[in-house]
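To keep things clear, I will list the structure first and then write my remarks on it.
Just so you know, all these numbers are worked out from the coordinates, no wet-lab data involved. Bear in mind the structure is a predicted one, so any value in this text is a computation, not a measurement. Glycine also receives a Cβ, built like all others from the backbone with ideal geometry; neighbour counts cover every protein chain displayed.
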Amino acid sequence: MFLHLGRNVVVLKKDIIAILGVRTAQADATKEFIEIAGDEGFIKNIYKKNEEKSFVITTRDIYISPISCSTLKKRSEKIFSF
């Protein structure tokens, strides 16, 4: 299954390692992790300025999403039946 992160970006749910709120980036360890990932080109921005709400860490990249971590969690738990 896939999870829509915003701005027409979807990732495989099995590739998601963590979904963190942007407030967690205030911790020193998280700041350092995000800074190093950015320096190495792993950060994918999918938000407009001042809209960032969550970090989605996958096996390949880190996405900065305009969708809150609680909404992403709800989306990931939905099971669609047709």
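Gap in Å between the Cα centre of region 1-16 and the Cα centre of region 27-82?
A separation of 10 Å, based on Cα centres.
Taking the highest mean first, how do the peptides 21-32, 66-77, 50-61 order by number of other beta carbon atoms within 10 angstrom per residue?
Highest-to-lowest ranking by the protection proxy: 50-61, 66-77, 21-32.
Amide H of Ile67 versus every other amide H placed in the peptide plane: which residues, excluding those fewer than 5 positions away on the same chain, fall under 5 Å?
Lys53, Ser54
Over the chain, what is the relative contact order in percent, taking alpha-carbon pairs closer than 8 angstrom and at least six residues apart?
33
In the chain, what is the count of Lys pairs whose alpha carbons are under 16 Å apart, counting only pairs at least 8 residues apart or on separate chains?
For the chain, qualifying lysine pairs total 11.
What list of ³J(HN,Hα) values in whole Hz, one per residue of region 12-23 in order, does the Karplus curve 6.51 cos²θ - 1.76 cosθ + 1.60 (θ = phi - 60°) give from phi, with Gly and Pro shown as x?
Computed from phi, the couplings for region 12-23 are 5, 4, 5, 8, 7, 9, 7, 10, 10, x, 5, 5 Hz.
Past the 19 angstrom mark, what percentage of all C-alpha to C-alpha distances in the chain do you count?
On the way: 1095 of 3321 pairs.
Considering the chain, 33 percent of its Cα-Cα pairs are separated by more than 19 Å.
Given points 7 Å out from each Cα along the Cα-Cβ axis, report the Lys13 to Lys74 separation in nanometres with one decimal.
So the two model labels end up 1.6 nm from each other.
At 0.36 nm per residue, and after removing the present C-alpha to C-alpha distance, how many nm does the segment from Met1 to Thr59 gain when stretched out fully?
19.3 nm
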